[in-house]
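What follows is one structure encoded as structure tokens, with my remarks underneath.
The values are calculated or read from the model by the stated rules, or taken from the named source; none is laboratory data. A quick note: this is a predicted structure, and the numbers were derived from the prediction, not measured. Cβ placement follows ideal geometry from the backbone for every residue including glycine, while neighbour counts extend to all protein chains displayed.
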Amino acid sequence: MSPAVSNHRVGERERRLFVTLVLTALVLIVEIVGGLVTGSLALLSDAGHVLTDVGGLALALMAMRFARRPATPEKTFGFHRAEILAALVNAVVLFLVSFFILLEAYRRFREPPEISSLPMLAIAFVGLGANLYGVFNLKGEARHSLNVRGAFFEVLSDTLGSVAVIVAAVIMLTTGWYYADPIFSVVIALFILPRTWNLLQESIDVLLEATPRDIDPDHVTQLIKAQPHVTAVHELHIWTLASQNYALSAHVVFDHCSMEQSNVIANQIKQALSDQFMIQHSTLEVECPHAVEYKQTH
């Protein structure tokens, strides 16, 4: 793919993400106002769900833009970690929102208030329409980008939340059974919590420089040792710089080899790590008994 085509595709992804983000943010505002006006906790619960989507879309968009910023002498890896810090803050806020919804739902189970079901239904349909547009808008690019794919699934899952609110509104509108509002509020809140917990865990793992969940260090060791003249690997460290952006450092022990051979094999190892594990930043310290110590960084 030529640089011009690549830049065009990145620009198109940013545009689609931005449009979807604006629409989703508008839905968030409408649902918060609508939930307060109609008294519907289900709408407020779905607004909490939409908040996760706004955060996810904003993070995806920010990741694209920050990834293009050059590194500086003070920030040698660039600005990728800003995405992780934002995700951590997003997770903490969502936990607070979810617990508030569950607490309020418990109160309403004891004394369910009367809900303005018709306005609630209308607002939920507005949210559903915006979500369906977001799904359609991101579907094509989701096949080409993991970043966009994550945002796509955020919007897709929120579509289910809108459907839940619509079902609750229809039940209350046709039967007057107002317990439907806190019941569906709990359903939406419980749907948010596992996603939020995963987001929190992944953010903390990155900040603690834990080994990425989708990379097995034993498999990485086996790949390196499978290269010619490699006899051992130690001091292996694998961590995440940002989403799908991995780094590695290791000491690689060679048998009888020349400096030139170690250089070639080290480059082969880096290419194999990139191809099989998407590790783009590899630092290998070569230990060769019959060659001057050699250190290569990429």
>> Would you confirm, using the coordinates I've provided, whether LEU36 is closer than 30 Å to ALA164 by Cβ and either over 19 Å from the mean Cα position of the chain (by Cα) or free of Cβ contacts under 8 Å to residues at least 24 places away in the same chain (or both)?
In response: yes
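Any residue at all in the stretch 47-59 that's of a type in the set (Ser, Thr, Tyr), part of a loop (DSSP other than H, G, I, E, B) and touching a helix residue (DSSP H, G or I) at 6+ places or on another chain (Cβ under 8 Å)? Break it down stepwise before answering.
In the first step, residues of the stretch 47-59 are kept if they are of a type in the set (Ser, Thr, Tyr); the result is 52.
Narrowing further to those that are part of a loop (DSSP other than H, G, I, E, B): none.
For the stretch 47-59, residues of a type in the set (Ser, Thr, Tyr), part of a loop (DSSP other than H, G, I, E, B) and touching a helix residue (DSSP H, G or I) at 6+ places or on another chain (Cβ under 8 Å): absent.
Kindly evaluate ILE101 against the criterion of being crowded, with 20+ Cβ neighbours inside 10 Å, in contact with a strand residue (DSSP E or B) (Cβ under 8 Å, 6 or more places away or on another chain) and farther than 17 Å from LEU23 by Cα.
On the way: crowded, with 20+ Cβ neighbours inside 10 Å: yes; in contact with a strand residue (DSSP E or B) (Cβ under 8 Å, 6 or more places away or on another chain): no; farther than 17 Å from LEU23 by Cα: yes.
No, not satisfied.
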Taking the stretch 206-264 and keeping residues of a type in the set (Asp, Glu), over 17 Å from ILE279 (Cα atoms) and either assigned by TED's automatic domain parsing to the domain that holds ALA91 or not in a helix (DSSP H, G or I) (or both) leaves ASP255
Note on the stretch 149-177: residues among the aromatic types (Phe, Trp, Tyr) and crowded, with 19+ Cβ neighbours inside 10 Å are PHE152
Being in contact with a Ser or Thr (Cβ under 9 Å, 6 or more places away or on another chain) and over 25 Å from VAL186 (Cβ atoms) narrows LEU102, LEU128, LEU88 down to just LEU88
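Residues checked against (1) on the phi < 0 side of the Ramachandran plot; (2) among the polar types (S, T, N, Q); (3) assigned by TED's automatic domain parsing to the domain that holds GLN244; (4) assigned to a helix (DSSP H, G or I):
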{"site": "ILE84", "(1), (2), (3), (4)": "yes, no, no, yes"}
{"site": "LEU96", "(1), (2), (3), (4)": "yes, no, no, yes"}
{"site": "GLU104", "(1), (2), (3), (4)": "yes, no, no, yes"}
{"site": "ILE115", "(1), (2), (3), (4)": "yes, no, no, no"}
{"site": "LEU121", "(1), (2), (3), (4)": "yes, no, no, yes"}
{"site": "GLU154", "(1), (2), (3), (4)": "yes, no, no, yes"}
{"site": "SER157", "(1), (2), (3), (4)": "yes, yes, no, yes"}
{"site": "ASP181", "(1), (2), (3), (4)": "yes, no, no, yes"}
Discussion item. Kindly evaluate THR52 against the criterion of being surrounded by fewer than 17 Cβ atoms within 10 Å (Cβ to Cβ), β-branched (Val, Ile, Thr) and in the same structural domain as THR38 (by TED's automatic domain parsing).
Written reply: no
For the stretch 268-282, the count of residues that are in contact with a strand residue (DSSP E or B) (Cβ under 8 Å, 6 or more places away or on another chain) and over 16 Å from THR221 (Cβ atoms) equals 4
Conditions (1) in the same structural domain as ARG110 (by TED's automatic domain parsing); (2) surrounded by 13 or more Cβ atoms within 10 Å (Cβ to Cβ) -> ASN198 fails only (2)
In the stretch 228-250, anything exposed (fewer than 15 other Cβ atoms within 10 Å of the Cβ), in contact (Cβ under 8 Å) with a residue 24 or more places away in the chain and over 30 Å from ALA82 (Cα atoms) is listed as PRO228, THR231
Subject >> Yes/no for THR20 being in contact with a helix residue (DSSP H, G or I) (Cβ under 8 Å, 6 or more places away or on another chain), modelled with pLDDT of 85 or more and buried (at least 24 other Cβ atoms within 10 Å of the Cβ) >> reply: yes
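Which one is nearest to the chain's Cα centre (by Cα) among residues in the stretch 63-81 that are of a type in the set (A, V, I, L, M) and buried (at least 16 other Cβ atoms within 10 Å of the Cβ)? Can you show your working first?
At the first step, the residues of the stretch 63-81 found to be of a type in the set (A, V, I, L, M) are 63-64, 67, 71.
Cutting the leftovers down to buried (at least 16 other Cβ atoms within 10 Å of the Cβ) gives us 63-64, 67.
Details: ALA63: 10, MET64: 12, ALA67: 15 Å.
Selected residue: ALA63.
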By residue number, the members of the stretch 254-275 that are of a type in the set (Val, Ile, Thr) and buried (at least 17 other Cβ atoms within 10 Å of the Cβ) are ILE265, ILE269
For the stretch 86-98 the number of residues that are surrounded by 13 or more Cβ atoms within 10 Å (Cβ to Cβ) and without any contact (Cβ under 8 Å) to a residue 60 or more places away in the chain is 2
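When you go through VAL27, VAL54 one by one, which is the residue that is at pLDDT 80 or above, closer than 17 Å to GLY161 by Cα and within 17 Å of the chain's Cα centre (by Cα)? I'd like the intermediate steps shown before the answer.
Details: VAL27 fails: within 17 Å of the chain's Cα centre (by Cα).
That would be VAL54, the only listed residue that is at pLDDT 80 or above, closer than 17 Å to GLY161 by Cα and within 17 Å of the chain's Cα centre (by Cα).
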